[in-house]
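This report refers to the structure that appears directly beneath it.
The values are calculated or read from the model by the stated rules, or taken from the named source; none is laboratory data. Given the structure is predicted, the values throughout are model-derived calculations rather than measurements. In this analysis, Cβ positions are derived from the backbone assuming ideal geometry, glycine residues included, and neighbour counts consider all displayed protein chains. Remember, those area values only see protein heavy atoms, side chains included, never the ligands or the DNA or RNA. Shrake-Rupley method; radii C 1.70, N 1.55, O 1.52, S 1.80 Å.
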Amino acid sequence: MAKHYQEELEALQLALVRTQMAMAGSDAKLDERVVIVLEGRDGAGKDGTIKRITEHLSVRATRVVALPKPSDRERTQWYFQRYATHLPAAGEIVIFNRSWYNRAGVEVVMGFSTATEQEAFLRDAPDFERMLVESGIRLVKIWLDISKKEQEKRLEARRTDPLKALKVSDMDKVAQAKWAEYSAARDTMLTRTHTPFAPWHIVRADDKKDARIAIIRHILHAIAPADIADSVDAPDPELLFPFKMAALEDGRLAK
């Protein structure tokens, strides 16, 4: 099984390399730009997924953005301003590990922004993303969903493994205690910001390896030239699927 996973991962990584080469080629559109937003609960596997996506890509044309908390000056700016400065130029792929959706998740649960600011975000985010898409950016939004039991297991591994010490954060301490609050914030976010031009896709990420394979397949189908995308299997629809309201109640999203 491990050998099969590694072989499949390497084949998908090669497809990502070919895709990036095509983006930089002489036949590429001058405005070929990609933004990937990866969101999910603490411990959902975003860092490991990003590592596999970027492992063999060009460091000059690939950027991972994980912004710290805003400075006093940034708090006075238009909310989306500090994210807009990190958007890609031609031929670039930008992956947001911590994206503008912080305002719809941790800021809601932890009270880091006001209810008025949160409502403004939910109203404005679709317009911001529409502008990105209309400017020619290919926008891919993925929510990594895990069960409460799996999160507990992963957070405990962080606390007890010295090699994972840098992954431990203050937010980890309340992730389990505020599980229901995070679920409610997630549901509101998905409901209010899932649009035809910037849809959310959900991946059930309790199995890290299966989730990584599904995510890379989905990204390739979203951004790769047709000849590359056609050579890649679609992700398992039981594992990765477009958000629908029914998923809030039918068990596909962890409660």
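Results, tabulated for the structure shown:
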quantity	calculated
Residue 7 versus residue 147: modelled label distance in nm, points set 7 Å from Cα along the beta carbon direction	3.0 nm
Whole-angstrom gap from segment 187-205 to segment 83-132, using each part's C-alpha centre	13 Å
Within the accessible area of the chain (1.4 Å probe), percent carbon and sulfur	54 percent
Protection-proxy order for peptides 124-133, 198-207, each taking the mean of Cβ atoms within 10 Å per residue, highest first	198-207, 124-133
Hull volume in cubic angstrom per residue (convex hull over the Cα atoms of the chain)	139 Å³
Pair residue 245, residue 14: separation of 7 Å Cα→Cβ label points (nm)	4.5 nm
The chain: DSSP helices with Cα axial extent of at least 15 Å and average Kyte-Doolittle hydropathy no lower than 1.6	none
Cβ-derived FRET efficiency at R0 51 Å, residue 180 paired with residue 60, nearest 0.05	0.70
Greater than 21 Å apart at Cα, pairs in 178/209; 46/209; 141/244; 167/244; 46/153	178/209; 167/244
Length released on extending from residue 164 to residue 81, taking residue separation times 0.36 nm less the Cα-Cα span	26.7 nm
Mean accessible surface per residue for the chain, computed with a 1.4 Å probe while every protein chain stays in place, in Å²	52 Å²
Inter-site label distance for residue 131 and residue 90 at 7 Å from Cα along Cβ, in nm	2.3 nm
Additional length obtainable on full extension of the chain from residue 117 to residue 227, 0.36 nm per residue less Cα span	35.2 nm
Counted charge near residue 203, where neighbours are those whose Cβ lies closer than 14 Å (Asp, Glu -1; Lys, Arg +1)	+3
